[in-house]
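Down below is the structure, laid out as structure tokens.
The values are calculated or read from the model by the stated rules, or taken from the named source; none is laboratory data. All values derive from a computational prediction rather than experimental measurement. Don't worry about glycine lacking a Cβ; one is built from the backbone with ideal geometry, like all the others, and counts go over all protein chains shown. When the accessible area is computed, the model is the full protein with side chains, heavy atoms only, and any ligands, DNA or RNA have been set aside. Shrake-Rupley method; radii C 1.70, N 1.55, O 1.52, S 1.80 Å.
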Amino acid sequence: GLGEREIDSFNVGGDNIGNDFNFSISQIRDNSDKTLKRTFIPRDYQLRIYKEVGNQNTIVYMETGKGKTIVAIMIMGRIFGIDFTSEFPFRNPINPNIKVLFLVCDTPLVEQQKKSIEDSFQEKIKVKSIQGKKGKNQRKSRQIFQSEIWSQHQIFVAIPAVINELLS
């Protein structure tokens, strides 16, 4: 589960001319879960691709239905410190400040991929789909995206055209 503890400040001593050194840690989160099991078992070829990709920029070409999304979820997991190659992937605390932009080619895939990602991360990571808005609502969408939505979510699923609109 999610546990939090807060430390305002503490003194670790001073130097030899009387200056104190104070450090503060505003919040330390431990949202690790040593009991939550993964929702999928990667196939051997998905594991090979995952390991080969490493931390490089890579294009993975696979036929429809062969598991590109699983490979992408495993790579996103690595970014967040989640090991989907393990039966219990959520052993380490997750950094809530990491952001991932997951782009899909068609609007109908946005919600489908969002659901797949949410199911895999089991509410440990917040996922937001971003749909395009036309006309005067577009400016409002931009403002929301740049503030509360950005701070409340770690993974964003959209088509490239929508992200381009929001960033321009």
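Ranked by accessible surface with a 1.4 Å probe, highest first, in what order do 123, 118 come?
123, 118
Using the structure shown, select from 37/68; 37/99; 37/124; 51/115; 68/115 the pairs with a Cα to Cα distance greater than 18 angstrom.
37/68; 37/99; 51/115
Suppose R0 equals 22 Å. What FRET efficiency, 1/(1 + (r/R0)^6) with r the Cβ-Cβ distance, do residue 164 and residue 128 give to the nearest 0.05?
Approximately 0.80, to the nearest 0.05.
Could you please state how large a percent of the accessible area of region 63-102 is carbon and sulfur, counting protein chains only and using a 1.4 Å probe?
Of all accessible area on region 63-102, carbon and sulfur atoms account for 52 percent.
Report the label-to-label distance for residue 39 and residue 112 in nanometres (one decimal), using points 7 Å from each Cα along the Cα→Cβ vector.
1.6 nm
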